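See below for the structure under consideration.
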Amino acid sequence: MHHFHYSGPDLHCESVDLAAVAKLYGTPTYIYSAATMEDNYRRLQRGLSGLDAQLCYAMKANSNLALLRHFSNLGASFDLVSGGEIQRVLAAGANVRSSVFAGIGKTEPEIRLAMENGVFAFHVESEPELARINHVAGKVGLKAPIAIRVNPDVDAKTHAKITTGKSDNKFGIPLKYAGAAYEAAAKYPNIAIKGVQMHIGSQLTSVAPYVEAVEKMAPFAADLKTRFGITYFSIGGGMGIVYRDALASGQQAWWDAQPADKRPLTPESYGASMVPLLKPLGLKILLEHGRFMVGNAGVLLSRVEHLKRGAGKNFLIVDAAMNDLVRPAMYESFHEIVPVHRDSSRRALTADVVGPICESGDCFAKDRQLQEVGEGELIAFMSAGAYGYTMASRYNTRAMPAEVLVRGSAFELINARETFEQMVAGEKIPAFLR
């Protein structure tokens, strides 16, 4: 659930009218709900009651410094996948020492940075990476804490571009070879074995793949505890969010109306299945959820430029574009689109919702039915808090959008809209062209 709702005819985030945000900061602008993020964190925490669990927010979903500080204040650690993300956590005044460093292509400088800042553990993806970490650890005079990422060959039944736990994915070491990898790790002088890790994909809408993966991994984890004294098992993240009916899903009545066998995966149902499987292991459990924490906590606010009527097709042209929110173009993903001012007296409009970028891929929705809206009016793309701003670009020399955080009746700019001067600050014309 989330804190976006209509108060009268106007769309609000918590107690803030989104039109007021647009008036002050313009569009396109990402708007985030602090209360929604806190609710998501607390519900996941309660769902895992009975386990020694640590939530490591997967910050690739949204790495704004204000959001990192918010999660840190709640008690979260972080799932890091680059040196830049390590630096962001440090800049936010948050905790690297209880965070984990994942990713298949860690460079030597990144490994050094993580070690110098006392990262809790490296999640190792391959034998060559293990050798590299051992080498860097030797140069800095420390032992590197590691867990090997094991690929359990489980089909998460999600989009092909975001599944990570099958045998033909690039991630992790196959379960049948993982024992040998741990034996090799134990022989390295600068490696300290701390745990085991898995992650099977993103936007999972059923608990069944999690259950299958944990049932495969639990005996192996128990064996590692006996043989190498591991202290934790990271079960990854990937819990999905509601994209269709996203606005209605913020209300308890919507959830109550869903048939029991059709309800989206929740922290409560996730925990009810996971806790009985994990508790007997007696290990600390790490989780690395990102999308679930922030996805429904954010919207992208956009303004209508005009309605173009074509031959049998309408095009609603808005000021947001695929550079601001690339998920529809990249993943064919669905985002609910709603008017910021709702007027039941207006007729319905069926149109392709498109941005101004010069290619046909710049399309948010095809033949979408929504309330007729005119030039200058505002719309909101729901469920845009995850993989929105973090995947944005400057394509067509379009400035990066603004970001705003809401808490109750207060809102504040947490990332100003980029200026042209900032866009080109690092560029130069060489002397031989002058």
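I need the full set of residues from the range 412-434 which are over 30 Å from A66 (Cβ atoms) and of a type in the set (F, W, Y), in order please. Selection gives F432 alone. Taking residues in the range 326-340 that are surrounded by fewer than 20 Cβ atoms within 10 Å (Cβ to Cβ), and partners anywhere that are in a helix (DSSP H, G or I) and of a type in the set (K, R), the pairs with Cβ atoms closer than 7 Å and at least 6 places apart or on different chains are Y331/K161; S333/R327.
With the condition kept exactly as written, say whether any residue in the range 393-407 is crowded, with 17+ Cβ neighbours inside 10 Å, acidic (D, E) and more than 21 Å from the chain's Cα centre (by Cα). Checking the range 393-407: not a single residue is crowded, with 17+ Cβ neighbours inside 10 Å, acidic (D, E) and more than 21 Å from the chain's Cα centre (by Cα).
Among the residues of the range 127-147, is any modelled with pLDDT of 95 or more, surrounded by 22 or more Cβ atoms within 10 Å (Cβ to Cβ), within 24 Å of M391 (Cα to Cα) and within 23 Å of the chain's Cα centre (by Cα)? No, because not a single residue in the range 127-147 is modelled with pLDDT of 95 or more, surrounded by 22 or more Cβ atoms within 10 Å (Cβ to Cβ), within 24 Å of M391 (Cα to Cα) and within 23 Å of the chain's Cα centre (by Cα).
For the range 229-258, taking the residues that are aromatic (F, W, Y) and touching a helix residue (DSSP H, G or I) at 6+ places or on another chain (Cβ under 6 Å), the one that is farthest from D52 (Cα to Cα) is identified as W254. Sort out which residues of the range 295-309 are in contact with a helix residue (DSSP H, G or I) (Cβ under 9 Å, 6 or more places away or on another chain) and surrounded by fewer than 21 Cβ atoms within 10 Å (Cβ to Cβ), and write them in order of number. Once the filter is applied, which keeps residues that are in contact with a helix residue (DSSP H, G or I) (Cβ under 9 Å, 6 or more places away or on another chain) and surrounded by fewer than 21 Cβ atoms within 10 Å (Cβ to Cβ), the range 295-309 yields only R303.
Here the condition is being farther than 29 Å from V340 by Cβ, surrounded by fewer than 19 Cβ atoms within 10 Å (Cβ to Cβ) and charged (D, E, K, R); of D39, D79, D52, it holds for D52 alone. Would you confirm whether any residue within the range 12-34 is in a strand (DSSP E or B) and within 22 Å of Y232 (Cα to Cα)? Looking through the range 12-34, none of the residues is in a strand (DSSP E or B) and within 22 Å of Y232 (Cα to Cα).
Residues are listed down the side, and each one gets a yes or a no for (1) buried (at least 17 other Cβ atoms within 10 Å of the Cβ); (2) touching a His at 6+ places or on another chain (Cβ under 6 Å); (3) assigned to a loop (DSSP other than H, G, I, E, B):
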{"position": "E268", "(1), (2), (3)": "no, no, no"}
{"position": "K279", "(1), (2), (3)": "no, no, no"}
{"position": "M293", "(1), (2), (3)": "yes, no, no"}
{"position": "A311", "(1), (2), (3)": "no, no, yes"}
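For beta carbons closer than 9 Å, sequence separation of 6+ or different chains, a first residue in the range 42-54 that is more than 16 Å from S72 (Cβ to Cβ) and a second that is among the polar types (S, T, N, Q), the qualifying pairs are R43/T266; G47/T266; G47/S269; A53/Q45. State whether the residues of the range 93-102 include one that is assigned to a strand (DSSP E or B), at pLDDT 95 or above and either of a type in the set (A, V, I, L, M) or over 21 Å from L175 (Cβ atoms) (or both). Yes, there is a match, as at least one residue in the range 93-102 is assigned to a strand (DSSP E or B), at pLDDT 95 or above and either of a type in the set (A, V, I, L, M) or over 21 Å from L175 (Cβ atoms) (or both).
Yes/no matrix, rows are residues, columns are (1) in contact with a Leu (Cβ under 8 Å, 6 or more places away or on another chain); (2) modelled with pLDDT under 95; (3) farther than 21 Å from E129 by Cβ:
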site: K176; (1), (2), (3): no, yes, no
site: E183; (1), (2), (3): no, no, no
site: K194; (1), (2), (3): no, no, no
site: F233; (1), (2), (3): yes, no, no
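The criterion of at least 2 residues that are under 28 Å from the mean Cα position of the chain (by Cα) and surrounded by 17 or more Cβ atoms within 10 Å (Cβ to Cβ) is met by the following helices (runs of 4 or more DSSP H) wholly inside the range 163-262: 175-187, 208-228.
Summed over the range 320-366, the residues that are part of a strand (DSSP E or B), more than 27 Å from the chain's Cα centre (by Cα) and more than 19 Å from P28 (Cα to Cα) give a count of 4. Evaluation of V81 against the conditions (1) of a type outside the set (F, W, Y); (2) out of contact with any Gly (no Cβ under 9 Å at 6 or more places or on another chain); (3) within 21 Å of I285 (Cβ to Cβ) shows that the sole unmet condition is (2).
Condition first: in the same structural domain as L265 (by TED's automatic domain parsing), over 12 Å from M293 (Cα atoms) and in a helix (DSSP H, G or I). Can you find one or more residues in the range 48-56 that meet it? The answer is no, given that none of the residues of the range 48-56 is in the same structural domain as L265 (by TED's automatic domain parsing), over 12 Å from M293 (Cα atoms) and in a helix (DSSP H, G or I).
The values are calculated or read from the model by the stated rules, or taken from the named source; none is laboratory data. On a predicted model such as this, the values are computed, not experimentally measured, just so you know. Note that each Cβ is placed from the backbone with ideal geometry, even for glycine, and that neighbours are counted across all protein chains shown.
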